[in-house]
Amino acid sequence: MSAGTRTQAASIPDSRRAEGRGTPTSRAGGSIATRAAWTWVLLSSLAIAVYAVVPYLTASLAALADEGAGLAPNYDGRPAFVQLAFYVHIVAGGVALVVGPLQFWRGLRTRHPRVHRWTGRGYLVAVLTAGVAGLVMAPFNSAGLVGFFGFGALAVLWIATGLRAYRSIRAGDVASHRAWMMRNFALTYAAVTLRLWIGVLLGAQALPGGDFDFEAAFDNAYAAVPFLCWIPNLLVAEWLIRRRGLPSYALPAHRPGSPVPPKTT
């Protein structure tokens, strides 16, 4: 092996070399698990996009509010700009949910890169639009201050990670682009995990038995999800990013021999 070849091999991250040394059985198992996870993400995203968007496009907020459907009672009667932001958010967010999983479809990236690029642009435009609308909605959410900070932080991070993903690919840094897109879609997927967590929290409150007040239990669950719907998603995304050897966040470590920063009083 030449010196150049040895240098090139040494520069490959350990995670990628380990992946390359994996047995055919382990690679096949990983591929099956990855496809199953992607299929679940795709189907659950499509289901929530239909469930969360279609009702608001087929009936007025007033009519839905009378039925107590979804978020309609909270946004019916709000100022016009808040209602506009609400509709923009659910439509653009629905588009992001539908298009987002396609960005992680390897076959689309390799066989139809042009389609991948254009759907990616559409996805990021939808994220930016829905994120800005989410910021407008945050002060009017039904979870109070917890919702303001939780959903507001979600909207800010959603926009910021989308912009970082776009800047990375424009600079030709594909690895960073993939990492930022994973973080960004983890935030997009909060629309799914929010519903899942509400179901889990409702079930947990119903377990003790006795009288079950659904409205009170739902209010309790909804008070927890403004942060719960997206923080675990980001943690899972960061774990997947590290596992794939992509650029990830790391706390700065003190290297032996380097000067120790002076203590401040």
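The values are calculated or read from the model by the stated rules, or taken from the named source; none is laboratory data. Computed from a prediction, not measured in an experiment: that's the story for all the values here. Virtual Cβ from ideal backbone geometry, glycine too; neighbours counted across all protein chains shown. Each accessible area value is taken on the protein alone, full model and side chains, heavy atoms only, with ligands, DNA and RNA left out. Shrake-Rupley method; radii C 1.70, N 1.55, O 1.52, S 1.80 Å.
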Note on residue 203: of the conditions (1) more than 22 Å from residue 121 (Cβ to Cβ); (2) open to solvent by less than 50 Å² (accessible area, probe 1.4 Å); (3) of a type outside the set (Asp, Glu); (4) touching a residue at least 60 places away in the same chain (Cβ under 8 Å), unmet is (4)
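If you go through segment 158-172 one residue at a time, how many are surrounded by fewer than 22 Cβ atoms within 10 Å (Cβ to Cβ) and either touching a residue at least 60 places away in the same chain (Cβ under 8 Å) or hydroxyl-bearing (Ser, Thr, Tyr) (or both)? Give the steps one after another, and end with the answer.
Just the residues of segment 158-172 that are surrounded by fewer than 22 Cβ atoms within 10 Å (Cβ to Cβ), to begin with: 159-160, 163-164, 166-172.
Remaining after also requiring either touching a residue at least 60 places away in the same chain (Cβ under 8 Å) or hydroxyl-bearing (Ser, Thr, Tyr) (or both): 166, 168.
Of the residues in that region, 2 qualify.
Would you check if there is a residue in segment 67-74 being at pLDDT 95 or above, of a type in the set (S, T, N, Q) and either open to solvent by less than 70 Å² (accessible area, probe 1.4 Å) or farther than 30 Å from residue 37 by Cβ (or both)?
Keep residues of segment 67-74 that are at pLDDT 95 or above, which gives none.
No, segment 67-74 contains no residue that is at pLDDT 95 or above, of a type in the set (S, T, N, Q) and either open to solvent by less than 70 Å² (accessible area, probe 1.4 Å) or farther than 30 Å from residue 37 by Cβ (or both).
Could you tell me whether residue 151 is crowded, with 23+ Cβ neighbours inside 10 Å, hydrophobic (A, V, I, L, M, F, W, C) and over 11 Å from the mean Cα position of the chain (by Cα)? Explain how you work it out, then say what you get.
Numbers: crowded, with 23+ Cβ neighbours inside 10 Å: yes; hydrophobic (A, V, I, L, M, F, W, C): yes; over 11 Å from the mean Cα position of the chain (by Cα): yes.
Yes; evaluated as a whole, the condition is true for this residue.
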Can you tell me which residue is farthest from the chain's Cα centre (by Cα) among those in segment 75-103 that are open to solvent by 70 Å² or more (accessible area, probe 1.4 Å) and among the hydrophobic types (A, V, I, L, M, F, W, C)? 80
Expected output for segment 38-51 (first residue under 13 Å from residue 93 (Cα atoms), partner assigned to a helix (DSSP H, G or I) and of a type in the set (D, E, K, R), Cβ below 9 Å, 6+ apart or cross-chain) is 48/195; 51/195
